[in-house]
Amino acid sequence: MLRKLSISVDFVRATLANTVAAGLDPNQLLIQNRISPRLLLEQDARISMERFADLQSHTMRAMYDESLGYHVKPLPLGTWEMMCHATIGAGTVLDALQRFCRYYRLFDFDISLDLKTDTRSVTLTLKPNQSADNPNSGYLAHTILFNCHRYLSWLGNAFVPIQSVELLAPARFSQSDYHRMFLGAPVGFSDCSRVKLNRKALTVDIEQTSLSLRHYLRHPTLIMLTQSHASSGWSGRVYELLRRNLTEPPELSTVARALDIHPQTLRRRLDAEGTSFSELKSFMRRDYALHLLGKRGLSIEEIAYRTGFSESSAFIRAFKTWTGVTPYTYRKGL
């Protein structure tokens, strides 16, 4: 079952940043993907992950550029698909990562890819090429790191633990957004972009096949944004338990008992991942509400009930806190 997630409109703005230069109308792209242009005027607005994934894929096709204009030269449509075909037959996930780096070195790329391994970790470092004058290389690099990590996790059908992340300064999104992108890993900023991964997790055999790759390639953006694995941290496990009881979310003690862990220990582990039980409960309600608002047959009162609110007025206040707009305003833009 697809997890009902949402994403900040800051990522929508980033997706559309180079569309005007490409001769496209960003508002038209938004409307075609059932996203209200008015939402981009709200600082804290969010949209469902499904809508964002569709917008990103649609924009790539409209621009004929998988880098969305962030690369000095357009990355032709099919670049990611051919990388997948080049790596799916590798023996282990680590072998696939090595092929991933060799594949992108074939391009006249704005950034260089360097892979280093030791007994405990594997570090992928991306550095802007001195010969390439591209002020957008920072955004391009951290997008590559995100996509690479999610793809590796998909290949092995298990979350690959992230030990640390460094991104090329300056930061483009909020710290909480980066926290969600890299699933709780510590994120810093420096003169290059790198991700340090658990080496043992990369030595597992690839579980995906040419048949599952065919399904993945129908919408790789959506799969990478929404995929969930059993070992994706304590926050992921808590979120899944909350999602199964949407109308009456369980309390911390009930969730801790289901996970066979002391409540205080669970609090500490969630805190170590940069979140809390109350925040996860709020995220679950928000993401599910965004999903339900896309269903025309449901009233606001029904959505309030399904997301665990006893009164629609409380739901409306919470929704405005989450997104910056009321559920009525949000639905008008769909």
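Couple of notes before you dig in:
- Of all residues in segment 293-309, those that are over 25 Å from the mean Cα position of the chain (by Cα), assigned to a loop (DSSP other than H, G, I, E, B) and among the small types (Gly, Ala, Ser) total 3.
- Residue within segment 282-296 that is touching a His at 6+ places or on another chain (Cβ under 9 Å), closer than 19 Å to Tyr178 by Cα, at pLDDT below 80 and surrounded by 12 or more Cβ atoms within 10 Å (Cβ to Cβ) present: no
- Members of segment 202-228 that are surrounded by 13 or more Cβ atoms within 10 Å (Cβ to Cβ) and not hydrophobic (A, V, I, L, M, F, W, C): Thr203, Gln208, Ser212, Tyr216, His219, Pro220, Thr221, Thr226, Gln227, Ser228
- Restricting attention to segment 1-26, the residues being in a helix (DSSP H, G or I) and surrounded by 15 or more Cβ atoms within 10 Å (Cβ to Cβ) number 8.
- Conditions (1) in a helix (DSSP H, G or I); (2) under 17 Å from the mean Cα position of the chain (by Cα); number of the one not met by Arg38: (2)
- Just one of the numbered conditions (1) part of a helix (DSSP H, G or I); (2) over 20 Å from the mean Cα position of the chain (by Cα); (3) surrounded by fewer than 17 Cβ atoms within 10 Å (Cβ to Cβ) is not true of His58: (2).
- Selection from segment 142-172 of residues that are modelled with pLDDT of 85 or more, touching a helix residue (DSSP H, G or I) at 6+ places or on another chain (Cβ under 8 Å) and not in a helix (DSSP H, G or I): Val165, Leu167
- Qualifying residue in segment 303-316 (condition: outside the structural domain of Arg51 (by TED's automatic domain parsing), closer than 21 Å to Ala45 by Cβ and of a type in the set (Lys, Arg)): no
- Condition check for Ser67 on (1) in a loop (DSSP other than H, G, I, E, B); (2) touching a Ser or Thr at 6+ places or on another chain (Cβ under 7 Å): one failure, at (2).
- Qualifying positions in segment 198-216 - at pLDDT 90 or above and assigned to a strand (DSSP E or B): Asp205
- Filter pass, Thr125 being buried (at least 16 other Cβ atoms within 10 Å of the Cβ) and either on the phi < 0 side of the Ramachandran plot or modelled with pLDDT under 85 (or both): yes
- Selected residue (only one of Gly324, Gly236 is on the phi > 0 side of the Ramachandran plot and under 25 Å from the mean Cα position of the chain (by Cα)): Gly324
The values are calculated or read from the model by the stated rules, or taken from the named source; none is laboratory data. On a predicted model such as this, the values are computed, not experimentally measured, just so you know. Virtual Cβ from ideal backbone geometry, glycine too; neighbours counted across all protein chains shown.
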